[in-house]
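Worksheet: one structure, shown below.
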Amino acid sequence: MRASLRALALLIVLFLRAMKNIIIILTVCISGYGIYAWSFLEADASRPVLAIVTDDSYKQIPRFVAKAYLEFSDYSLANEEIDGSPSVPYVATGYDLGNFNNKEILALIDRFIQEGADINAKYEGYSALNGAILANSPGLVEFLLEKGASTNIVVQREGLEYCNGLASLEFAICINNLGKADLSDVIAVLQNKT
């Protein structure tokens, strides 16, 4: 009896998920808005991502529409470059900035990684982890380490006068010692995870 109740519950959940997707597709496709939204999102690789993570712009494209676009278009999360930069470090740069939604950023990074994006790819000389260190974001540092980010990727930023060529922990200690920021929380996370 319990097995059949579990099976029935599973069927109901699967049915509701399918109905949710059908409702999203119908809402977007039937309206003239759907054509506008799709063409707006297709025009630039950064638009679907920004529509999801940005809280105060792209109001004409609600978050659920951008998420549906990622689900049902041929947008490649694994290989997509956003404004010429690898997706994971590019999206991570918005973490802890006032007008971006941290929860959505983490969800997108997780999805990029699940679909094969390189968590250690560099954006302007920094991996996502090293960028999170520079931004003094211990929550993002911990998240990236849990997802498999390497602490051995060195910072290679042209024109950087200090702390260049260092791996993550050494980079954090160097920035901290310069007095540029108090990175003690970030350093603690790095020391606990390595």
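Could you say which residue among GLU161, GLU146, GLU142 is farther than 30 Å from TYR75 by Cα, among the acidic types (Asp, Glu) and surrounded by fewer than 21 Cβ atoms within 10 Å (Cβ to Cβ)?
Values: GLU146 fails: farther than 30 Å from TYR75 by Cα; GLU142 fails: farther than 30 Å from TYR75 by Cα.
Only one candidate passes the filter, namely GLU161.
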Assuming LYS193 fulfils every condition listed in (1) under 26 Å from LEU70 (Cα atoms); (2) open to solvent by 50 Å² or more (accessible area, probe 1.4 Å); (3) in contact with a helix residue (DSSP H, G or I) (Cβ under 6 Å, 6 or more places away or on another chain) apart from one, which condition is it? (1)
Considering residues of region 167-190 that are more than 20 Å from GLU142 (Cβ to Cβ) and in a loop (DSSP other than H, G, I, E, B) only, the residue most open to solvent (accessible area, probe 1.4 Å): LYS180
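Each row is one residue, and each column tells you yes or no for (1) more than 30 Å from VAL141 (Cα to Cα); (2) under 12 Å from the mean Cα position of the chain (by Cα); (3) at pLDDT 70 or above.
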{"residue": "CYS29", "(1), (2), (3)": "yes, no, no"}
{"residue": "VAL49", "(1), (2), (3)": "no, yes, yes"}
{"residue": "ASN79", "(1), (2), (3)": "no, no, no"}
{"residue": "VAL91", "(1), (2), (3)": "no, yes, yes"}
{"residue": "TYR95", "(1), (2), (3)": "no, yes, yes"}
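I need the full set of residues from region 99-131 which are of a type in the set (A, V, I, L, M) and in contact with a Pro (Cβ under 8 Å, 6 or more places away or on another chain), in order please.
Across region 99-131, the qualifying residues are ALA117, ALA121, ALA128.
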Among what's in region 54-70 and is within 18 Å of ALA92 (Cβ to Cβ) and at pLDDT below 75, pick the residue that is least open to solvent (accessible area, probe 1.4 Å). THR54
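Would you call ASP44 modelled with pLDDT of 65 or more and either within 20 Å of the chain's Cα centre (by Cα) or open to solvent by 50 Å² or more (accessible area, probe 1.4 Å) (or both)? I'd like the intermediate steps shown before the answer.
Working: modelled with pLDDT of 65 or more: yes; either within 20 Å of the chain's Cα centre (by Cα) or open to solvent by 50 Å² or more (accessible area, probe 1.4 Å) (or both): yes.
Yes; evaluated as a whole, the condition is true for this residue.
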So, SER137, is that one crowded, with 20+ Cβ neighbours inside 10 Å, in contact with an Asp or Glu (Cβ under 6 Å, 6 or more places away or on another chain) and of a type outside the set (Lys, Arg) or not? yes
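In this structure, is ASN99 surrounded by fewer than 14 Cβ atoms within 10 Å (Cβ to Cβ), modelled with pLDDT of 75 or more and under 23 Å from TYR126 (Cα atoms)?
yes
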So LEU106 clears everything in (1) modelled with pLDDT of 90 or more; (2) assigned to a loop (DSSP other than H, G, I, E, B) except one condition, right? Which one? (2)
Single unsatisfied condition, ILE133 versus (1) in contact with a Gly (Cβ under 9 Å, 6 or more places away or on another chain); (2) β-branched (Val, Ile, Thr); (3) farther than 23 Å from PRO48 by Cβ; (4) in a helix (DSSP H, G or I): (1)
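The values are calculated or read from the model by the stated rules, or taken from the named source; none is laboratory data. Since we're looking at a predicted model, the values are computed, not measured. Every residue, glycine as well, gets a Cβ built from its backbone with ideal geometry; the counts of neighbours run over all protein chains shown. Note: areas computed on protein heavy atoms with side chains; ligands, DNA, RNA excluded. Shrake-Rupley method; radii C 1.70, N 1.55, O 1.52, S 1.80 Å.
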